[in-house]
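In what follows, a single structure is set out as structure tokens and then discussed.
Derivation of every value follows stated rules applied to the coordinates shown; laboratory data play no part. Keep in mind it's a predicted model, so treat the numbers as computed, not measured. Here the Cβ is made from the backbone with ideal geometry for all residues, glycine too, and neighbour counts use every protein chain on show.
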Amino acid sequence: MPLLELKNLSVAYRLQKGYLMAVDQVSMEVNEGEVLGIAGESGCGKSTVALSVLRILPKSARVTGAVAFGGEDVLTMGDERVRAYRWKHVALVPQGSMNAFDPVISVGAQIVEAIRLHESAGKEEAWRRARELFGLVGIPKERVTNYPHELSGGMKQRAAIAMALSLSPKLVILDEPTTALDVVVQKQILSLLARLQRELGVSFMFITHDLSVLAEVATRVAVMYAGKLVEVGPADVMFRSPSHPYTQALMRAIPNVHGDISQVKSILGTPPDLTSLPKGCRFSPRCPHSFGRCTVEEPRLLPSTTGSMAACHLVGG
Amino acid sequence: MNRGYVLRRGFYAFITFLIVLVLNFAIPRVMPGSPVQYFANPRILPSLEAKLLTERFGLDKPIWTQFLLYLVGVFHWPPDLGVSYTFYPAPVWTVIMTYLPWTLLLVGTATVATAVIGIVIGILIGSKQGSKTDTVVTSASLFLWTMPFFWLGTILLWLFSIYFHVFPAGGAASPFLSKMPLLDQIGNIAEHAFLPGLTLTLAAFAGYSLMMRNTLVEELTQDYVTVAVAKGLSHRAVLFKHAARNAMLPMITLIGLNLGYVVSGALLVEVVFSYPGVGYLTYQAVLAHDYPLLQGLFFVLSMAVIIANFFADIIYSLVDPRVK
């Protein structure tokens, strides 16, 4: 049984008039000890997926489908149960975790808050663990009493990771964890994450718009486009022989240090407006291989010849 | 607490105090006319008397001697702020001190009540942004906010004192207050302060509630709030431990500022309710061209604002670690 299973998950946000489908019939799973990377352009619904796993979507969101964690349906949990489930089983390193901490409370106190909320640890015990967690993510332990503004960007990111690991959750959702950092710090954070994941055996759901980041950490990669899952498969397959034209285009957009810069191709056009989607395949207006059927019929997710699952009429049936 | 920060704030407050001192000395002296003219009509006052008065006020001395005497007076205890024309020969300080306790009671209580009520309502509507409660309470707050103090006061006065006879129509206490038992004294004072206090609170709480609402709504969109919810904190805990606490920060400055202005009294409301506070005194001083008294009132007000701001800054630095 997978650790986390999303089945036909759809999330619609209520607008002034009508709804906006941010996530449309997405199914995927995260297995124990693996790193699932979710990639896609901004607005493709990847962050919404993350928020629905923790059930912390805004009130204007309407969710259908199922989110099962360890076989338990998250969407139908009672209030008490869902609060106990959050952080204990699934923790979050939020998008731009520069602001993950309350600015007027010390970082340590915020980690202690999480520990004492879920476990019957005493104050001193919780602070001792907070210091240990700081050591684990490579921040000098005495800085645990610092306020967020007293830490550098990279340190804040590490502290956010420490807080996410404070209850030894089974799954950590990392939403663009390296986006706001410069390349050198980004590299350090990625190797820290890879090391922690190996040592602790925790699963990651790693959300990013930067595929090159996933190349370093992901075991499997899922690619989303305009609220749809377009391709998912083992990382090596996805990087070496992607099947969906969108995945292929994303791969070509990654610059390679050893390659020729003229090989780097951007994807023409912009993602569609989610309130007025094109008929058929959502990628068809930007797809170089688009043909008649693509603008009429929406493709289903089917096995490709390379070992991934792709939603494209050129792949499979 | 950071000692350097306190010293620096204290230094700024002191500089402001010096500037106020100089302005308070200079402004009446650059105004046209002589105080003696205001004190009594020169056409009636014999020139010898005028000369004596000029000497009595020390206006015949060179300007720097006057400034020195003024400084000596100010740093004296009780401060010598001159003699009031209207209450002649009572010193300005004594006059202000007879009116100030009533104002501190009325406006002080109302200012605290306004802040507390405003903040509570602000949290209530800010945490339910977009709901029916929010729409109704926000509109009602705006309605009261745009209503002039004196108009609201007049309506309340007419309704509760004249029509229903529930509250006294004016004054701060009944004439025979000192002959009453203690509990009745307190009741009597409270009864007199209720309507003007209610007016002040009703007309001003929206300043706090609307600001608190908007700050809170913005805080609730911050990432740290998402994290707090994801950590499994209850709605209440997220609201009070994190979001409202951050939204309170700008309120501290606002409360400090308003507490400073308490000593200026509430001119319009005190006039409407004939309440013997500093506002009412200011009104009388303006009508009587009582410049020494006005000068004294401005002096006391400036001091209070400077001191209140100083303490607001200190408290702010205690609750917001980012302030250095």
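According to the Kirkwood expression over distinct Cα-Cα pairs, how big is the hydrodynamic radius of the stretch B:101-290, in Å? List each step's numbers first, then the result.
Details: mean 1/r = 0.0545 Å⁻¹.
It works out to 18.4 Å.
How many angstrom separate the Cα center of the stretch B:120-155 from the Cα center of the stretch B:1-73?
Each part's Cα centre sits 44 Å from the other's.
By how many degrees, between 0 and 90 and to the nearest 10, does the Cα long axis of helix A:123-136 differ from the longest principal axis of chain A?
It works out to around 50 degrees.
Taking each residue in A:139-152, count the Cβ atoms of any other chain within 10 Å of its Cβ, then average. What number comes out? Intermediate values should be presented prior to the final figure.
Values: counts 0, 0, 0, 0, 0, 0, 0, 1, 3, 3, 4, 2, 0, 0.
Average neighbour count from other chains, rounded to a whole number: 1.
Using a basic spin-label model with each label point 7 Å from the Cα along Cα→Cβ, how many nm lie between A:Arg128 and A:Glu32?
Between A:Arg128 and A:Glu32, the label points sit 2.9 nm apart.
Compute the angle between helix B:47-56 and the longest alpha-carbon principal axis of chain B, please, reported from 0 to 90 degrees and rounded to the nearest 10.
50
What distance in nm separates the simple spin-label points at A:Thr306 and A:Val257, each placed 7 Å from Cα in the Cβ direction?
Those two pseudo-labels are separated by 2.4 nm.
Given H placed 1.01 Å from N in the peptide plane, which residues other than close sequence neighbours of B:Val83 have an amide H under 5 Å from its amide H?
When sequence neighbours closer than 5 places are left aside, the close amide H contacts are B:Val92.
In peptide A:101-107, what is the residue-averaged number of other protein chain Cβ atoms found within 10 Å of each Cβ? All intermediate terms of the calculation are to be shown ahead of the outcome.
Numbers: counts 4, 12, 9, 10, 6, 1, 0.
The shielding value for this peptide is 6.
On a straight-distance basis, which aspartates and glutamates could pair with A:Lys141 in a cross-link, Cα separation under 16 angstrom, same-chain partners fewer than 8 positions away excluded?
Result set, ordered by chain and number: A:Glu124, A:Glu125, A:Glu132, A:Glu150.
In whole Å, how far is the Cα centre of the stretch A:1-78 from that of the stretch A:180-206?
Rounded to whole Å, the Cα centres lie 23 Å apart.
Ranking request for peptides B:278-285, B:90-97: highest mean number of other beta-carbon atoms within 10 Å first, then the rest in descending order. Before the final figure, lay out the partial values.
Details: B:278-285: 23.2, B:90-97: 18.6.
In decreasing order of mean packing, B:278-285, B:90-97 become B:278-285, B:90-97.
Could you give the distance between the Cα centres of the stretch B:245-296 and the stretch B:174-223, to the whole Å?
15
Per residue and in cubic angstrom, what volume does the convex hull of the Cα atoms of chain B have?
On the way: hull volume 63.7 nm³, N = 324.
Measuring per residue, one finds 196 Å³ for the Cα hull of chain B.
Just tell me how shielded A:266-275 is by partners: mean number of partner chain Cβ atoms within 10 Å of each residue's Cβ, no decimals.
Details: counts 0, 0, 0, 0, 0, 0, 0, 0, 0, 0.
Counting Cβ atoms of other protein chains within 10 Å of each residue's Cβ and averaging gives 0.
Which of the aspartates and glutamates could a cross-linker bridge to B:Lys51, judged by Cα under 14 Å and excluding same-chain residues fewer than eight apart?
B:Asp60
Using R₀ = 25 Å, calculate the FRET efficiency as 1/(1 + (r/R₀)^6) where r is the Cβ-Cβ separation of A:Leu314 and A:Val264; round to 0.05. Could the numbers behind the result be given before it?
Details: r = 23 Å, r/R0 = 0.94.
Plugging the Cβ-Cβ distance into 1/(1 + (r/R0)^6) gives 0.60.
What are the radius of gyration and Dmax of chain A, computed over its Cα atoms and given in Å?
Both quantities, over Cα of chain A: 20.3, 67 Å.
Using only Cα atoms, tell me the angle between helix A:153-164 and the longest principal axis of chain A; keep it within 0 to 90° and round to the nearest 10.
Roughly 80 degrees, rounded to the nearest 10.
Count neighbours as other Cβ atoms within 10 Å of each site's Cβ, and list the trypsin sites (Lys or Arg not before Pro) in the stretch B:219-298 that are DSSP loop with at most 14 such neighbours. Walk me through the numbers on the way to the answer.
Values: sites: B:Lys231, B:Arg236, B:Lys241, B:Arg245; in loops: B:Lys231.
Answer by residue number: there is no such site.
With N residues in the stretch A:175-244, what two-decimal value do you get for its Cα radius of gyration over 2.2 N^0.38 Å? Write out the running numbers ahead of the final one.
On the way: Rg = 12.7 Å, N = 70, 2.2 N^0.38 = 11.1 Å.
Compared with the compact-globule rule of thumb, the stretch A:175-244 sits at 1.15.
Along each of its three principal axes, how wide is the spread of alpha-carbon positions in the stretch A:122-230, in whole angstrom units, largest first?
That works out to 48, 29, 24 Å along the principal axes.
Provide, in order from the shortest bin, the percent of all Cα-Cα pairs of the protein assembly as shown in each 20 Å bin, continuing until the bin that contains the maximum pair distance.
The calculated distribution, bin by bin, is 15, 34, 25, 18, 7, 1.
If each DSSP helix of 4+ residues adds -39,500 (n - 2.57) and the sum is divided by the residues in chain A, what number results at 222 nm, nearest 500 deg cm²/dmol? Can you show the working numbers first?
On the way: 9 runs with 93 residues, N = 317.
The per-residue figure over chain A is -8500 deg cm²/dmol.
Say the cut-off is 18 Å between C-alpha atoms; which of A:Lys46/A:Lys228; A:Lys170/A:Lys228; A:Lys228/B:Lys231; A:Lys228/A:Lys279; A:Lys170/B:Lys231 go over it?
Exceeds cut-off: A:Lys170/A:Lys228; A:Lys228/B:Lys231.
Between B:Thr135 and B:Ser178, how high is the FRET efficiency from 1/(1 + (r/R0)^6) when r is the Cβ-Cβ distance and R₀ = 56 Å? Nearest 0.05. Could you put the intermediate results ahead of the total?
Working: r = 51 Å, r/R0 = 0.91.
Efficiency, rounded to the nearest 0.05: 0.65.
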